[in-house]
Amino acid sequence: GSGIGFAIPINMVKEMLPQLRSKGKYARSWLGIRIQPFTKELAESYNLDSTNGALISEVIEDGPADEAGLEDGDIILEFDNKLVRTSRDLPLYAGMAGVGKKVPVKVWRNNRERTYQIRLGRYPDENPIASRQSQPDKKTSIGITVTDITPKLRKELQLKSNRGVVIKEIEMGSIASRAGLQQGDILLRVNGRALKNARAFAHLIRKVPSGSTIRLQISRSGGRLFLALKKP
């Protein structure tokens, strides 16, 4: 195809060649996180003007990032002294840095930059979990009704913990629906605060001033992600 380029930095190719020659394949290094694009709305919720960086939607338990102290919701700004401009940069940097290599990772957390030293692991086989659907209820002003995770619901959804609350109903055309929330999503955090139950969620939403941005961390289909919306 005309106008399409596939460029790999020469330093990365040099690191790959010895393994390719000796083993016929390259062992990717692993940071132990799941990431998502950092949108303008999410940047606003973090009091940032720029969308540079990669947002950590989930830190994998006992992975390299978890052991180093990274957390869900951290924004990775630099990896091994390389600027992370978009979420697409990070997998390339992390995957080709080298198994066992210790690298500095600069993140944004609680309105300031922090740097962590992370020893990269070997990329494992993916082994996603699963989740889905519905019951004490709290209706909120953003257009969703949430319910606690009861033992019965936990069994139905095959959840490993009772952390968070479940979206039982969502109003079509509501601010929550337009932001991308779905019935069956499990809400884990509101503006960085962990949720214990549906009542706590409704209380936190009530305390947010009208017109302010709400950042939600959710669990969906075995993975985690963040969504941002403005309270009406």
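Annotations for the structure displayed:
- 15 Å beta-carbon shell around Arg178, net charge (K/R +1, D/E -1): -1
- Dipole size of the stretch 158-222 about its Cα centre, with +1 on Lys/Arg Cβ and -1 on Asp/Glu Cβ: approximately 340 debye, rounded to the nearest 20.
- When both the stretch 156-232 and the stretch 69-112 are represented by their alpha-carbon centers, they are found 26 Å apart.
- Taking other residues whose beta carbon is less than 10 angstrom from the beta carbon of Gly32, and scoring Lys, Arg as +1 and Asp, Glu as -1, yields -4.
- Rounded to whole numbers, the Karplus 3J(HN,Hα) couplings from phi for the stretch 215-232 are 9, 10, 9, 10, 10, 8, 6, x, x, 10, 8, 10, 10, 10, 8, 9, 6, x Hz, using 6.51 cos²θ - 1.76 cosθ + 1.60 with θ = phi - 60°, and x at Gly and Pro.
- For Thr86, net neighbour charge (Lys/Arg +1, Asp/Glu -1) across residues whose Cβ lies under 15 Å away: +2
- Pairs exceeding a 26 Å alpha-carbon distance, out of Lys40/Lys106; Lys106/Lys231; Lys40/Lys231; Lys152/Lys207: Lys106/Lys231; Lys152/Lys207.
- Computed from backbone phi with θ = phi - 60° and the Karplus coefficients 6.51, -1.76 and 1.60, the 3J(HN,Hα) list for the stretch 65-74 is 5, 4, 5, 7, x, 5, 9, 3, x, 5 Hz; x is used for glycine and proline.
Each value in this text was obtained by applying a stated rule to the coordinates, not by laboratory testing. Predicted model only: the values in this text are computed from it and were never measured. All Cβ positions, even for glycine, are placed from backbone atoms using ideal geometry, and neighbour counts span all protein chains on display.
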